[in-house]
1. Starting from the range 151-162, take each residue that is within 6 Å of the ligand (Cβ to nearest atom) and list its partners that are assigned to a loop (DSSP other than H, G, I, E, B) and among the aliphatic types (A, V, I, L, M), counting only C-beta distances under 6 angstrom and pairs at least six apart or across chains.
2. Exactly one condition in (1) in contact with a His (Cβ under 7 Å, 6 or more places away or on another chain); (2) within 13 Å of the ligand (Cβ to nearest atom); (3) among the small types (Gly, Ala, Ser) is not met by Ser191; state its number.
3. If you take the residues in the range 188-234 that are in contact with a Ser or Thr (Cβ under 6 Å, 6 or more places away or on another chain) and of a type outside the set (D, E, K, R), which one is surrounded by the most Cβ atoms within 10 Å (Cβ to Cβ)?
4. Quick check on my filter: what residues within the range 120-148 are in contact (Cβ under 8 Å) with a residue 40 or more places away in the chain and of a type in the set (Lys, Arg)?
5. Please go through the range 149-167 and give me each residue that is touching a strand residue (DSSP E or B) at 6+ places or on another chain (Cβ under 6 Å), within 19 Å of Ala107 (Cβ to Cβ) and either surrounded by fewer than 17 Cβ atoms within 10 Å (Cβ to Cβ) or small (Gly, Ala, Ser) (or both), ordered by number.
6. Closer than 22 Å to Gly249 by Cβ, away from the ligand (no atom under 11 Å from the Cβ), touching a helix residue (DSSP H, G or I) at 6+ places or on another chain (Cβ under 8 Å) and of a type in the set (A, V, I, L, M) - does that describe any residue in the range 129-136?
7. Tell me, please, whether a residue that is touching a His at 6+ places or on another chain (Cβ under 6 Å), assigned to a loop (DSSP other than H, G, I, E, B) and under 21 Å from Gly133 (Cβ atoms) can be found in the range 210-219.
8. Would it be correct to say that Asp207 is among the acidic types (Asp, Glu) and assigned to a loop (DSSP other than H, G, I, E, B)?
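The values are calculated or read from the model by the stated rules, or taken from the named source; none is laboratory data. Quick caveat, the model's predicted, so the values are computed rather than measured. Cβ atoms come from the backbone with ideal geometry, glycine included; neighbour counts cover every protein chain shown.
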Amino acid sequence: MISGTTKICGVMADPVEHSLSPLMQNFYAEKTGVDFAYMPLKVAVEDVEAAVLGAYALNFVCMNVTVQHKQQEMPYLKEIDEDAKAIGAVNTLVRMEGGYKGYNTDAAGLLRAMREAKIQLAGEDCILIGAGGAAKAAAYVLAKEGAQTVTLLNRHVGHAMVLAEEINHRFGRPVMTVLALSEYALLPKKSYLAIQSTSVGMYPHSDHAPIEDPDFYRMIHTGVDIVYNPMETKFMQYVSAAGGRVMNGFTMLLYQGIAAFELWNPGVKISPQIVEEAGMQMRSRLKG
Ligand code: ATR
């Protein structure tokens, strides 16, 4: 029930119609008894500045911003959390005196999802496919958690070089190297943890994977796909067929939302049972 004291929150995105965040966040509010309401807010990229300033003037307490807006709104924030600065993208805003503080909960969501799945990162040889926004959060998590090596495979080597240099500089060790996606056969023959962070294979293009060679997948002991629709991507099918373990991006999506909810409502914890119920509701809404 919305009253005069309800904390008003929302997700700024364009398109926003398919966002699962309103369902997820309102469900957490209902289950934890927090007086909180979360709305979809369609905001075009060119209106991000006006929208962030307007939301603050309207006393919105917390906000999510999705992919296309993640970097745009950074100049209009009062403060940016260290992890979000390092990743170079903000997806969660928390109201403070004089403006919003920006956070990135994608990295926290991915880390928590991998921990829950008992996927080890320290000392691992890793492959990261893609060098976009999602890859940045993944690269940051891998380097921070002590991966031994991360080979970045990307279609455009230039994009990958920028990300690898940033990460190596930030962590003060040459953890990341770059290879063109087409040169995957040059990878040293080892057993890898691989994270797929491109949009290749996402619904409705579910019959694609970034690499279509079964030999490549024989080197992968665990394959994590950031994509969650479909729940089993073609990348995951290749990894499974070669005997590896798989995880999709659904738990990451769930946990980045929980990390945001817990930032907005200090002291409130989402129990594993609520996580499970939220997951079931969200799954039933996915297309494809
Ligand atoms: P996001 O923020 O969701 O990660 P993005 O920043 O647009 O999205 O990044 C998309 C990533 O997917 C990039 O690494 C892109 O490769 P390039 O840097 O070479 O453009 C990758 N990507 C997108 N479509 C691809 C395709 N058909 N084959 C291979 N890589 C693709």
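1. What qualifies is Asn154/Ala131; His159/Ala131.
2. Among (1) in contact with a His (Cβ under 7 Å, 6 or more places away or on another chain); (2) within 13 Å of the ligand (Cβ to nearest atom); (3) among the small types (Gly, Ala, Ser), the lone unmet condition for Ser191 is (2).
3. Residues of the range 188-234 that are in contact with a Ser or Thr (Cβ under 6 Å, 6 or more places away or on another chain), as a first pass: 193, 201, 210, 221, 225-227, 230.
Filter once more, keeping what is of a type outside the set (D, E, K, R): 193, 201, 210, 221, 226-227, 230.
Working: Leu193: 23, Gly201: 22, Pro210: 21, His221: 18, Ile226: 27, Val227: 24, Pro230: 20.
My answer is Ile226.
4. Lys136
5. Correct list: Ala160, Ala164.
6. No, there is no match, as no residue in the range 129-136 is closer than 22 Å to Gly249 by Cβ, away from the ligand (no atom under 11 Å from the Cβ), touching a helix residue (DSSP H, G or I) at 6+ places or on another chain (Cβ under 8 Å) and of a type in the set (A, V, I, L, M).
7. Of the range 210-219, the ones touching a His at 6+ places or on another chain (Cβ under 6 Å) are none.
There is no residue in the range 210-219 that is touching a His at 6+ places or on another chain (Cβ under 6 Å), assigned to a loop (DSSP other than H, G, I, E, B) and under 21 Å from Gly133 (Cβ atoms).
8. yes
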